[in-house]
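Where a number appears in this text, it was derived from the coordinates with a stated rule and is not lab data. Just so you know, these numbers come straight off a predicted model, no measurement behind them. Cβ: placed from backbone, ideal geometry, glycine included. Neighbour counts: every protein chain shown.
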């Protein structure tokens, strides 16, 4: 922590930035480290933008109880704030932030979709003999991976033509392996793919039909959901983080109760049975993601904000419409 602060102070002295942009995740370490960054920058009268990229409910409770003073003298002095959900914006106001706060999103790299065809994805959804379900995230209980496997096992026992690929690594990996070992009948239809990245990740998003991510985790904006939508996948998820602001239940997929295997199985089964509906959702999600989540568009919106902040005399009147 002390070394981080010393390096930061050295950089702003030698580099003399026009703007300082910090991305705290609202974990304990980042809360204090990045808050001190804001404090040092404002001491030197450098405009500061804070983009809260994560949001930990336990840390939120600590700020409510006894850390609000630190928040006010650090993040509360930033010139502008960006958040991933309207609820987070309301909480910043409650903590005393009076400067502009806008919502933004995480991103899907433009090049990630190179050569992807939404027409081919829709045709695959309509005609495939086996609907391929994908879970792709860190394997933690709070992200709903156990319930996802249980739901797919239940569907297969009921005769539904579905398969499941679980991509990722984490503390729930061994339990998933034991579950799969105990149910040999599902081998060949449930795969633990391990951690994937780059082309492997792209191949899974291209070849699978439904994305299942029933997370109860402290999500800011689950990037895997945005990527799945960009690859034309209907999504089964929970109302967490920034998803609560835009996810349309029934139109983009389905919201389910947290950690509820029966609800997950019901919604997955509905999409597997109604291929016309699933194909329609696929097309809608692809179009929505292309309009809202591409990295180049988010970068353009950030550029407008940087230009507005670069003149510190106008920082307090900063107003940009993020939807333009």
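Listing for the model above:
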read-out	value
Cα pair distances in region 1-125, grouped into 10 Å bins until the bin that holds the longest one, percent each	12, 39, 25, 13, 9, 3
Kirkwood Rh (inverse of mean 1/r, distinct Cα pairs), region 1-64, angstrom	12.3 Å
Mean ellipticity per residue at 222 nm, deg cm²/dmol - from DSSP H runs of n ≥ 4 across the chain, formula -39500 (n - 2.57)	-14500 deg cm²/dmol
Point-to-point label distance, residue 270-residue 32, nm (Cα→Cβ direction, 7 Å offset)	4.7 nm
Packing rank of 128-134, 194-200, where each peptide gets the mean count of other beta carbons within 10 Å, highest leading	128-134, 194-200
Nearest 10 degrees, 0 to 90: helix 118-127 Cα axis against the chain principal axis	30 degrees
Helix 28-43 axis, angle to the chain major axis (alpha carbon atoms, nearest 10°)	30 degrees
Rounded Å value of the spacing that divides the Cα centres of region 65-103 and region 218-294	29 Å
Debye intensity ratio in log₁₀ form over the Cα atoms of region 78-208, taken at each q of 0.19 Å⁻¹	-1.07
Theoretical FRET efficiency, 1/(1+(r/R0)^6), r = Cβ-Cβ of residue 182 and residue 116, R0 51 Å, to 0.05	0.85
Degrees, to the nearest 10: 261-273 long Cα axis against longest axis of the chain	70 degrees
127, 18, 263 arranged by Cβ crowding within 10 Å, fewest neighbours leading	127, 18, 263
Calculated FRET efficiency for the pair residue 14/residue 244, C-beta based, R₀ 41 Å, to 0.05	0.45
Rounded to whole Å, sorted largest first: equivalent-ellipsoid semi-axes of the chain, Cα gyration tensor	40, 21, 17
